[in-house]
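What follows is calculated from the coordinates using simple rules that are stated; it is not laboratory data. Since we're looking at a predicted model, the values are computed, not measured. Cβ sites come from the backbone with ideal geometry, for glycine too, and all protein chains shown count toward neighbours.
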Amino acid sequence: MICTDWIAEIVESARRGGKPDAALEAHLSMCAECRERWTAERELTSHFRVMRIHAQARRPDQAGPVLDYRGQMLMREFARRQRATKMTPTWQWSLAAAAALLLAIGIGRELGLKNRHVPVHPTTAKHGSTHGDAVLYETAAYETSSDAVALSSEEFIAVPYAAPLATGEIVRVVRTDLYPEALASMGIDVNPAWSGDMSAEVVVGEDGFPRAVRLAENSQY
Amino acid sequence: MGTGSTGKSDEELYRLTRKGDQSAFSELYLRREPAIYRYALHMSGSSVVAEEVANEVFVQLMAPNAHFDERKGTLESWLYGVARNLVRVVRRQGPVEAAVDRAFEHDILGELIHGENIEALQRAMRDLPERYRDVVILCDLEERSYEEVAGLLGCPIGTVRSRLHRARALLSTKLRWLNAPAEVCSR
């Protein structure tokens with residue numbers, strides 16, 4: 001066997017730190033070159049051992065679960081980065097936020113249009129509206145009622161506090177004699193000196209209650 | 001070497017770390033940092049550089065853009081790779097401070113370290129090509145098996161063995177030359 005075949009055996013045996021086996025020992029006793037290499041390898045192993053012990057002394061393997069100062073600093077940095085990561089919005093979150101903002105603006109505009117205040121004029125009010133609009137009828141009901149054409153006459157005077165006419169309600173005009181006090185209660189000025197009955201035309205609703213009144217042409221008012 | 005006190009592998013701990021588990025990161029640090037430090041110490045010859053490198057390796061590990069990919073190798077291999085690159089960068093910037101042994105100047109181990117042969121060996125190691133230095137550190141100084149080193153370096157076991165034998169031959173030759181009497185060297 002030539003010496004190159006022994007190199008691996010010499011190196012591995014020297015690394016193990018033990019004695020060479022019998023075959024290698026026999027070869028070393030005969031080959032000066034290999035013996036020199038063996039000595040060098042043993043010396044190298046010895047030096048490495050010192051270096052290894054030295055390095056282990058400087059930084060031994062994990063002795064316990066307690067972190068040294070450098071480790072603690074690193075953990076603080078880790079925690080800081082985790083907090084920063086949680087607070088930093090990703091592009092998906094940014095996109096979602098933008099979409100939510102646009103949606104909110106759209107909904108806001110829609111609601112704003114629906115709730116915009118539209119002024120209601122008495123002349124546009126119609127019969128049959130809800131009770132909330134009743135106050136408008138006091139001045140406008142007779143002007144818009146198609147069923148009470150007679151009420152369009154300027155001579156008729158609306159009876160105060162009378163209920164408004166319903167849509168399609170049929171009215172009757174009744175000629176009657178009324179006491180001056182009754183006329184006064186309907187809002188007609190009468191001569192206090194006059195004490196007799198007065199002839200008047202009264203617009204009566206289907207419920208029998210008066211809605212408007214006017215003095216007859218031949219009245220003495 | 002892949003699992004520690006919790007029984008979790010490096011890769012499992014890494015996955016937990018990515019989810020923000022600080023205890024997983026802590027265990028990974030305790031498990032791997034000392035060896036990374038010693039590796040950087042032997043590679044650079046400077047304790048200052050070793051401290052910085054070991055710290056920076058774990059800073060890179062916690063970075064959101066850490067490029068570790070389990071399919072390409074183990075986490076330990078990745079850690080050594082980062083440390084190697086960092087030492088390479090430091091060495092490229094110029095000679096590093098050889099302040100390895102200040103803390104051991106006055107004890108027996110320090111005297112041994114400061115022996116001529118050891119210092120000569122440290123110098124010789126720093127002059128070795130990187131691929132040889134790697135296997136010497138991992139096999140002879142960290143006492144890792146050929147299989148483990150092959151896994152860490154991503155090369156066949158035979159390559160590790162042949163590199164180690166070659167590296168030891170180079171170191172022996174260099175030591176012999178350094179220790180030889182002046183007249184022998186001048187011949």
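How many angstrom lie between the C-alpha centres of region A:4-35 and region A:153-183? A separation of 138 Å, based on Cα centres.
For region B:1-70, the set of trypsin sites (Lys or Arg not before Pro) satisfying both a DSSP loop assignment and a count of at most 12 other C-beta atoms within 10 Å is given as B:K19. The phi torsions of region B:60-72, fed into the Karplus equation with coefficients 6.51, -1.76 and 1.60 and a -60° offset, translate into couplings of 5, 5, 8, 5, x, 9, 4, 9, 6, 10, 4, 5, 9 Hz, rounded to whole numbers, with Gly and Pro shown as x.
R0 = 41 Å: FRET efficiency of A:A100 with A:L67, Cβ-based, nearest 0.05? Intermediate results must be reported in sequence, preceding the final value.
Working: r = 43 Å, r/R0 = 1.04.
Once the sixth-power term is evaluated, E becomes 0.45.
Karplus-based coupling profile of region B:155-172, in residue order and whole Hz: 9, x, 4, x, 5, 4, 5, 5, 5, 5, 4, 5, 5, 5, 5, 4, 5, 4, with θ = phi - 60° in 6.51 cos²θ - 1.76 cosθ + 1.60 and x standing for Gly or Pro. The A:R83 and B:S145 beta-carbon pair, evaluated with R₀ = 25 Å, returns a calculated FRET efficiency of approximately 0.05.
For region B:1-100, report the translational diffusion coefficient in µm²/s to the nearest whole number, using Stokes-Einstein at 37 °C, 0.692 mPa s, and a Kirkwood Rh over Cα pairs. Reported coefficient: 236 µm²/s.
Order the peptides A:66-78, B:118-130 from the highest to the lowest mean number of other Cβ atoms within 10 Å of their residues.
Working: A:66-78: 14.3, B:118-130: 16.5.
Sorting A:66-78, B:118-130 by mean packing, highest first, produces B:118-130, A:66-78.
Give me the Kirkwood hydrodynamic radius of region A:4-55 in Å, from all C-alpha pairs, to one decimal place?
11.3
Whole-Hz Karplus values for region A:19-26 come out as 7, x, 6, 4, 5, 5, 4, 5 Hz, taken residue by residue from phi with 6.51 cos²θ - 1.76 cosθ + 1.60 and θ = phi - 60°; glycine and proline positions read x.
Close amide H contacts of A:V174 (hydrogens built in the peptide plane, cut-off under 5 Å, sequence separation of 5 or more or a different chain): A:V202, A:V203, A:V204. Computed over neighbours whose Cβ is under 15 Å from that of B:K72, the net charge equals -4, Lys and Arg +1, Asp and Glu -1.
Of the peptides A:177-186, A:12-21, A:46-55, B:43-52, the ranking by mean beta-carbon count within 10 Å, highest at the top, reads B:43-52, A:46-55, A:177-186, A:12-21.
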